[in-house]
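The values are calculated or read from the model by the stated rules, or taken from the named source; none is laboratory data. Given the structure is predicted, the values throughout are model-derived calculations rather than measurements. Methodologically, a virtual Cβ is constructed for each residue, glycine included, from the backbone with ideal geometry; neighbour enumeration extends over all protein chains shown. Accessible surface is based on the protein model in full, side chains and every heavy atom, while ligands, DNA and RNA are left aside. Shrake-Rupley method; radii C 1.70, N 1.55, O 1.52, S 1.80 Å.
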Amino acid sequence: MSDHFAGEVKPLSFEEYSEKYKDFFVMKREDGIIEARMHTDGGPFQHTWAGHSSWSQAWQDIANDPENEVLIITGTGDKFYTIPYSKDPEKRKTAGNWESLPFREWSPDLMMRQYKESYKNLENLVFQMDIPTIAVVNGPGSHTEFALQCDLTLCATDAYFFENHFIFGVAPGDGMYLIMQELLGLKRAAYYMYTGENIDAETAKELGLVNEVLPREGLLDRAWEIAREMMKRPRGCRYMASQITKRPWKKILADALEHNMMHQHFDMAAERETGTSELRKYLPIKIPFTYLD
């Protein structure tokens with residue numbers, strides 16, 4: 001048996017991929033449990049297209065490592081996800097910037113890359129990750145769709161959840177609305193999508209979006225407690241339980257995600273601007289910002 005896999009192409013080691021993604025994740029591993037904590041310069045994660053691109057790749061490298069047996073995903077500090085913002089309009093005129101460069105003006109290659117990476121972020125977390133997953137939403141933030149898609153989701157008392165695309169003038173196709181439709185039901189999901197109303201932490205628990213609501217300082221300890229309890233079961237049991245748990249998501253993603261994503265990106269490409277100045281006034285209300293100047 002020692003020569004059974006002789007000559008194999010080995011996956012990246014923990015040391016290799018933790019270094020590879022160090023600008024976007026701080027990773028640690030103990031007894032088969034890996035924690036991937038999003039960050040920017042040691043603080044709350046700030047949106048960039050580079051960071052957005054890293055997620056789907058990170059899920060693959062983590063999933064390919066047989067030493068990883070339970071995954072915990074979280075953010076840093078008191079925010080789960082923020083958007084960096086400069087008050088200088090000239091600094092905002094960069095490729096991929098929602099504020100000053102409409103999507104229809106991006107190059108075809110950039111359009112295709114964002115489209116593909118947007119749905120691969122969710123697909124790879126479900127189709128590639130064959131171990132139990134626990135998300136810790138450590139505070140307010142956007143892009144909570146992959147946290148809600150994990151097997152278990154814990155959140156801080158001040159976290160809130162929302163589907164913001166429609167109120168900003170964009171079709172809701174990037175995955176959050178699809179997940180809300182499944183977890184909340186069609187009527188509730190449509191209400192929160194069309195109104196853009198926030199779902200606070202306790203309401204999110206009552207509606208089935210999250211499993212537990214805890215003070216921020218106790219969240220990670222609780223996630224590790226659950227993960228260690230999972231590790232008491234045989235590896236095969238954990239693997240099969242994970243596959244059973246993820247199967248409904250696989251069916252939903254295969255059926256609808258790329259369809260929804262295409263509709264969103266077609267809308268973005270057809271519009272003269274992605275959202276209007278009038279609609280953008282909602283942004284500071286809905287999404288945590290990191291002001292750069």
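See the values below:
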| quantity | calculated |
| --- | --- |
| Residue match in region 86-97 (condition: within 24 Å of the chain's Cα centre (by Cα), more than 30 Å from THR153 (Cβ to Cβ), open to solvent by 60 Å² or more (accessible area, probe 1.4 Å) and modelled with pLDDT under 85) | yes |
| MET176 more than 21 Å from MET38 (Cα to Cα) and crowded, with 24+ Cβ neighbours inside 10 Å | no |
| Filter result for ASP130 (crowded, with 21+ Cβ neighbours inside 10 Å, part of a loop (DSSP other than H, G, I, E, B) and touching a residue at least 60 places away in the same chain (Cβ under 8 Å)) | no |
| Failed criterion for TYR194 (all others in (1) open to solvent by 70 Å² or more (accessible area, probe 1.4 Å); (2) free of Cβ contacts under 8 Å to residues at least 24 places away in the same chain; (3) of a type in the set (Ser, Thr, Tyr) hold) | (2) |
| Leading residue by the ranking (surrounded by the fewest Cβ atoms within 10 Å (Cβ to Cβ)) among those in region 244-255 that are of a type in the set (A, V, I, L, M) and under 19 Å from the mean Cα position of the chain (by Cα) | ALA254 |
| Filter pass, PRO140 being over 28 Å from ALA270 (Cβ atoms) and out of contact with any helix residue (DSSP H, G or I) (no Cβ under 7 Å at 6 or more places or on another chain) | yes |
| So GLY139, is it assigned to a loop (DSSP other than H, G, I, E, B), open to solvent by less than 30 Å² (accessible area, probe 1.4 Å), touching a residue at least 24 places away in the same chain (Cβ under 8 Å) and farther than 30 Å from ARG29 by Cα | no |
| Number of the exception - GLU258 against (1) in contact (Cβ under 8 Å) with a residue 24 or more places away in the chain; (2) loosely packed, with under 15 Cβ neighbours inside 10 Å | (2) |
| Residue that is nearest to GLN57 (Cα to Cα), among those in region 142-173 that are open to solvent by less than 20 Å² (accessible area, probe 1.4 Å) and acidic (Asp, Glu) | GLU145 |
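To keep it simple, each residue is scored yes or no on (1) more than 19 Å from the chain's Cα centre (by Cα); (2) modelled with pLDDT of 95 or more; (3) surrounded by 15 or more Cβ atoms within 10 Å (Cβ to Cβ).
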position	(1), (2), (3)
LEU186	yes, yes, no
ALA189	no, yes, yes
PRO215	yes, yes, no
CYS237	yes, yes, no
GLU273	yes, no, yes
